[in-house]
Structures are given as structure tokens and as C-alpha cells.
Amino acid sequence: MSDSNNDRNSRKPSRNTGNNPQGQNNGPNGGPNGGPNGMKVGRGMLGWILVGALAVMFWMLINRPGTRSNEISYTDFRTAFEQDKVTEVTLDGDELRGKFAEEQKLGPQGTGVKDFRVVVPPGFTSQFSFVDYVSDRRGITKVTVENSQNLVVNLLIPLLPWVLIILFFYFFVFRALRNSAGAGGMLGNFGRSRHKVTAKENTNITFDDVAGIQEAKDEVQEIVEFLKNPKKFQRLGGRIPRGVLLVGEPGTGKTLLAKAIAGEADAPFFSISGSDFVEMFVGVGASRVRDLFKQAKDNAPCIIFLDEIDAVGRRRGSGFSSGGHDEREQTLNAILVEMDGFETNDQVIVVASTNRVDVLDPALIRPGRFDRQVYVPLPDVKGRLEILKVHARKVKLGPVVDMLRLARATPGFSGADLAAIINEAALGATLVNKDFIEQDDLEEARDKVRWGRAKKSRIVDEKERIATAYHEAGHTVVQFLDKDADPIHKVTVIPRGNFGGAMMTLPQKDATTHSRKWCIANIRCGLAGRIAEEMFTGDVNTGAYGDIQMVTRTARAMVRDYGMSERVGFVYYGDDSSKTNSFDTSKDYSQETARIIDEEVKNLIDKLEVETKKILDSNRERVEAIAKALIKYETLDANDVDRIMRGDILTKPTISDLLDKEAKRPPTPKPEGGEPNLGLGGGPVPSPA
């Protein structure tokens with residue numbers, strides 16, 4: 001954190017960041033050495049010096065006498081010397097160097113040498129006068145005496161590696177730990193906050209990039225207005241909310257709102273995740289909370305953003321505890337005290353986000369701490385259109401792309417889903433060498449994001465393919481005939497995602513609630529696949545697992561949660577989210593009530609199963625027609641289904657016809673500087689899904 005704070009000090013020398021508590025100036029450019037990263041420059045130069053010293057050390061070790069391959073024993077030298085086989089001799093301290101007249105095989109290994117080195121024994125010079133004695137020998141052409149080594153050098157060379165190792169550890173390990181830990185010592189760094197400081201000039205996201213959640217954006221804009229002009233809000237005695245909690249489903253734009261605040265507010269923005277507070281050491285989380293708020297108060301007015309606060313803000317007493325210390329609760333207590341304790345600071349605004357507000361501690365979300373809960377919902381059709389336009393700025397769209405059509409065809413999609421659609425469409429169009437994104441690319445990207453990628457190359461057994469066709473045909477007929485069900489989008493037997501086939505629906509409007517008739521229609525449709533499969537193939541398989549799960553879940557929710565059973569009545573028997581102990585699995589109703597609930601769920605499913613069988617039995621011809629069309633064409637859209645249900649015959653080309661047609665088209669000439677088209681006729685093969 002010291003790096004980011006020092007960078008900010010260079011922009012605003014008068015502002016204290018917490019790491020510089022006295023607000024001292026670190027030079028004209030913010031660094032202690034006169035540069036933006038003064039300490040880093042000095043340590044970098046020292047590092048190069050140490051690297052060079054280590055290189056010199058290794059060179060000296062390699063070239064030490066004890067490591068030379070041409071060293072011979074004193075006995076071998078004396079024997080060769082007495083036989084007049086030595087031509088040049090140099091005495092250098094306790095080392096004797098020279099040359100033989102010709103290569104000699106000396107030593108136990110018989111190694112041939114011509115240049116030799118030998119360490120002379122003590123008392124060598126006392127045995128004879130070196131210069132006089134050597135000069136009298138025949139064959140000696142050169143005699144030299146040198147003194148390049150001394151006692152000090154001989155003592156320092158063995159110590160040099162240890163000195164360099166000690167310096168290395170001191171400068172690169174101990175000093176780094178001490179500097180990062182600050183006044184707390186080497187272990188004090190664990191208690192320092194791991195937040196990131198974001199300034200306005202360091203982010204490129206503004207409120208113009210946030211679309212589809214206008215009400216939530218208006219509420220957080222008030223925070224920016226207060227930071228820019230606090231006297232405007234204090235004129236009538238009002239107080240800006242100390243905390244704002246962003247609540248919503250994943251992908252709706254909570255973190256994006258926080259980034260927009262950082263991009264709009266002319267104030268420091270401290271951001272940290274809830275999981276960054278928790279560490280394996282006891283008390284570290286609370287210490288990091290105190291350090292974060294201390295630095296925030298030193299930089300007030302400012303904003304603190306706690307992402308995924310449910311990681312530390314869960315209801316106290318909900319976990320298993322054996323009476324010892326609970327690190328998470330200690331961290332939560334520190335947050336509660338800092339947000340509304342005895343030393344409250346109105347200049348620090350806390351913004352937090354979560355998608356699990358039901359598990360947060362009541363003391364955390366009360367007024368005075370998080371005064372506001374800003375709900376960030378899934379966008380409606382108008383919001384989805386605005387979000388698609390924002391993400392479409394970065395890609396190339398074709399001239400006939402209809403964004404409103406895509407917005408209407410994506411109910412229930414979050415902002416992240418819509419961004420993924422645009423990105424997947426761009427990738428898909430790029431892979432087939434298109435110049436821009438077309439409507440077909442957007443449609444395929446939507447299906448890919450919602451239902452998974454189409455597995456067109458998967459080889460399916462013919463028997464399994466027929467069973468899948470009748471299964472999807474059963475879904476399609478019941479879905480089409482039930483007026484309370486959502487309209488059909490398309491049906492396919494091409495495996496997509498984890499499904500062997502799929503019947504896809506698209507609601508006509510955004511629904512926040514569902515009626516009892518809609519739930520019953522949904523159950524009928526789920527039952528129709530297995531029933532049609534058994535009715536027309538005489539067997540069943542495990543492919544209906546997902547349908548059975550959906551039917552059971554919907555029926556149980558109708559009886560237990562929604563009060564849609566006459567026998568159970570208008571009573572809620574679902575899970576109690578207010579329980580403080582997550583290990584408490586006891587129910588708030590008796591075993592007799594549980595038995596009644598199970599019976600009602602079973603009776604409801606059995607009743608609707610009988611009704612679904614009657615519908616399919618009276619429409620056998622339609623089921624047959626759709627199943628045969630699926631086997632032939634693999635994919636049917638809503639218009640195809642409507643024609644078949646009216647009794648018309650489809651005449652559109654099959655996948656094989658399209659592939660044969662594309663194969664017969666002549667290849668497009670290779671453009672200048674481009675790649676050959678490989679006979680695909682200048683465009684991609686139409687996708688069957």
C-alpha cells in the first residue's frame with residue numbers, strides 16, 4: 001500500500017495518507033531521493049552492485065588454485081625439474097607456475113600437461129636460492145619472481161562469500177519486511193489494511209457507463225454531490241448517510257456503481273473485499289479494519305467501498321463455536337464500532353455491496369451505520385436496451401441489427417449477461433471472418449449465454465436421438481397449448497450445454513411475480529417430456545432428471561412457501577432465514593405437518609401428471625409431427641412449431657442440404673493480402689441452432 005499512497009502524495013503533497021502521518025514532504029516529486037520512487041531506485045542500484053559482486057566472487061572461486069585442472073604435485077615438478085624438462089618458471093608467493101618442454105604425463109591418472117601449477121611446500125626458498133639454482137639448470141629460458149598475493153588477500157577470499165550472503169539477506173529480505181511492516185516490525189504487516197486507493201484520474205468509468213438501473217444510480221449520485229458540495233446538504237441541518245448498502249443479484253452492476261462513484265467523486269476512494277480482512281492469525285481482521293478507517297479519516301472526506309461484505313458481516317452467533325475466539329465476529333465488531341462508535345466521522349462514507357443481505361447482522365444494517373439499502377434489480381426491457389447500447393459502443397454492429405428485439409428476447413438477463421452476449425457475438429463473428437456483428441450472431445450468443453454452447457459435432461446414437469425428439473416434442477405440444485405458459489422460442493435436439501436437447505421459452509414481458517396458473521403450466525410442461533417419451537418409445541431414461549427436479553421444486557414451493565394448497569393453507573413452512581445458528585436443522589412445524597406437506601406435493605404432481613397424459617393422448621398426431629420434424633431438421637423455431645401445430649408441412653432445407661449447397665459453391669477469389677476462403681463461398685455455414 002505504501003507505493004499507491006506515495007503516488008497519491010506526489011499529486012497532492014498536502015494530503016496525508018496514513019503511511020506518512022506527519023504529512024512531511026518527500027522531495028519535489030514525492031520520493032525521498034528526489035524521484036517518484038526514490039527508495040526503489042537506491043535499492044535497485046544496490047541490487048546490481050550485489051549481483052556484480054556475486055559474479056566476481058564466483059569468478060575468483062573458479063580461478064582459485066585449488067580448482068585448476070593443470071595443478072601437479074610438488075614431487076612431480078621436482079622430478080621433471082631434475083630431468084631438465086622445465087623451460088619457464090615463475091615463483092608467485094607460495095605458487096609456482098611454468099611450462100614443460102613437451103607435454104608430460106604426470107600423476108596417478110597419467111594426465112598430459114604442458115603448462116603447470118604447483119603449490120610449493122613451506123621452506124621451499126630455504127632449500128636453495130631459487131633464482132641462482134634455477135638459472136643454472138639446462139633448458140631454462142625464463143625465470144620470473146612475482147608477489148601478486150599477500151596474507152590479507154588470502155584471508156579475505158574465503159570470507160567474501162559469507163559477507164555477500166549476509167548483505168543479500170539484509171538488504172533484500174530483512175529491510176523489505178521491516179519497510180513493509182512499518183512501525184509494527186516485521187510481523188506488523190499482517191495488521192495493515194490491504195485496500196486499494198483509486199483516484200478520479202485513475203479510472204475510466206463514469207455514471208455514463210452505468211445503464212439500466214436509473215433509480216440506484218440516482219441514489220449514489222447524491223453521495224458524489226455531497227463530497228463535491230457538502231455545505232449544500234448541511235444548510236438545513238441534514239446529514240448525509242454514513243453508509244450505503246448496494247443489494248442485488250449477481251451481475252446487476254453493484255461493483256460497477258462503486259467504480260462509477262470513484263470515477264465521478266473528487267475524493268479518495270478506498271476499496272477492499274470483505275475476504276481481505278480475514279487471516280489465519282487471531283485479531284488480524286480487526287486490526288486491518290482499524291487501519292483502514294484510520295487512513296480514511298486522515299484523508300476525509302473520502303469513500304470506503306467494501307465489496308462482498310457478507311464475508312465478514314454475517315449474523316453473529318450463526319456459526320459453530322466451542323467457546324473460543326471467533327475471528328470473523330471480532331472483525332465485524334470492529335466494523336460496527338468504526339461506523340458508528342464514539343468517534344464517528346461524518347466525512348467518511350462507507351459503500352458496501354452484497355447479494356446476501358438476509359444473512360447480514362441486524363446491527364450492521366441499522367440506520368446510523370448503513371442508512372440506506374439501494375436495491376439494484378435486474379433490468380427491465382428499457383434498461384436492457386440501454387445496457388446493450390453501452391456495451392455495443394466497443395464493437396462493430398451491422399446496419400440492420402435490432403437491439404430492441406434482442407432486449408425483448410432477454411427477460412431475466414442481468415447486466416453481466418448482456419455484456420457477455422455482446423462479447424460472445426463479437427467473438428463468433430470474428431471466427432467466421434465477418435466484417436461486423438449481425439443479428440444472427442447476437443441470437444446465437446444469447447442462446448449460448450443462457451443455455452450453453454451447441455455441440456454440433458457430437459455423435460448421438462439414433463435410438464437416443466429419437467427418444468430425445470419425442471421428449472422435446474412432448475414439452476413443445478403442452479407448452480404451445482397451455483395459454484398460461486410462456487411462448488416458445490425454439491426447440492432443438494442438438495445437444496447444448498448439459499442437455500441432450502432443449503425446448504426454449506421466452507416470456508413476453510418482465511415478471512416479478514408468478515401466478516398459480518403459471519406454476520401449474522410450468523409443472524405440466526416439465527412432466528410432458530417424460531410422459532411423451534414413455535408413450536411413444538415404450539421406455540424412459542435418465543434424461544428427465546432435470547425436469548423431475550424442476551417439477552418437484554416448483555410443487556414444493558407452491559405448497560410450503562406460497563400458500564397455494566387448500567389443505568396446508570395460507571401458512572409459510574419454508575426455511576427460516578432469521579435463525580442465528582446455521583447448524584440448527586430443526587423445523588418449526590411438527591412431523592404431522594411435514595407428512596401433510598409431502599402428501600400435498602405428491603398429490604399435486606400426480607394430479608397434473610394425469611392431466612398431461614390426457615393432453616398428449618389427444619394430440620398424438622401433433623407430437624408425432626414435431627418429433628419427426630426434429631429428427632429431420634434438428635431445430636425448429638417458433639414459426640415452424642406454429643405451422644406444424646396448424647397441420648402444415650415444413651418444406652425448408654435440412655442441414656445436409658445447406659452443407660451440400662455450400663460445398664458446391666465456387667471458392668471466392670483470394671483478396672489481395674488476405675487468406676483464401678477454402679471453398680466456403682465467402683460466408684459462414686448457417687447455424688442450425
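No lab work stands behind these numbers, since they all come straight from the coordinates. This is a predicted model, so every value here is computed, not measured. In this analysis, Cβ positions are derived from the backbone assuming ideal geometry, glycine residues included, and neighbour counts consider all displayed protein chains.
The figures follow:
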{"quantity": "Efficiency of FRET between LYS517 and VAL571 - r from beta-carbon atoms, R0 22 angstrom, step 0.05", "calculated": "0.55"}
{"quantity": "GLN508 paired with ARG453, simple spin-label distance in nm, labels 7 Å along Cα-to-beta-carbon", "calculated": "3.6"}
{"quantity": "Cα convex hull of region 518-646, projected area averaged across orientations, nm²", "calculated": "10.8"}
{"quantity": "Efficiency of FRET between ASP402 and ASP209 - r from beta-carbon atoms, R0 35 angstrom, step 0.05", "calculated": "0.90"}
{"quantity": "Burial ranking of peptide ranges 387-394, 361-368 (average Cβ count within 10 Å, highest at the top)", "calculated": "387-394, 361-368"}
{"quantity": "Semi-axis lengths, Å, region 453-543, gyration tensor of Cα atoms, sqrt of 5 times eigenvalues", "calculated": "25, 16, 9"}
{"quantity": "Prolate/oblate/rounded label for region 381-450 (Cα gyration tensor, a/c 1.5)", "calculated": "prolate"}
{"quantity": "Full-stretch length increase - GLN591, LYS394 - with 0.36 nm per residue and alpha-carbon distance subtracted", "calculated": "65.1 nm"}
{"quantity": "Residue order, fewest to most surrounding Cβ atoms within 10 angstrom, among SER353, SER273, SER618", "calculated": "SER618, SER273, SER353"}
